[in-house]
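Heads up, the thing below is written out as structure tokens.
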Amino acid sequence: MVEAGDLMPVIDRTLPLDQAEAAHRLLAERSVVGRIVLIP
């Protein structure tokens, strides 16, 4: 399904890895719609 394009991930935002604490806070506060991607 993913390969066919039937499923599309919802990415709310990308953050640098050093902001992982902020990412966890946003998830805990339910301040996002979708996922947060941490970039190394």
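Would you mention how many residues in the chain are in contact with a Ser or Thr (Cβ under 9 Å, 6 or more places away or on another chain) and either modelled with pLDDT under 95 or not β-branched (V, I, T) (or both)?
3
Table: residues versus (1) charged (D, E, K, R); (2) part of a loop (DSSP other than H, G, I, E, B); (3) surrounded by 12 or more Cβ atoms within 10 Å (Cβ to Cβ); (4) without any contact (Cβ under 8 Å) to a residue 40 or more places away in the chain.
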residue	(1), (2), (3), (4)
V2	no, yes, no, yes
D6	yes, yes, no, yes
P9	no, yes, no, yes
D12	yes, no, yes, yes
L15	no, no, yes, yes
A22	no, no, yes, yes
R30	yes, yes, no, yes
V33	no, yes, no, yes
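The values are calculated or read from the model by the stated rules, or taken from the named source; none is laboratory data. Because the structure is predicted, anything quoted here is derived from the model rather than measured. With ideal geometry, Cβ positions are generated from the backbone for all residues, glycine too; neighbour counts draw on all protein chains shown.
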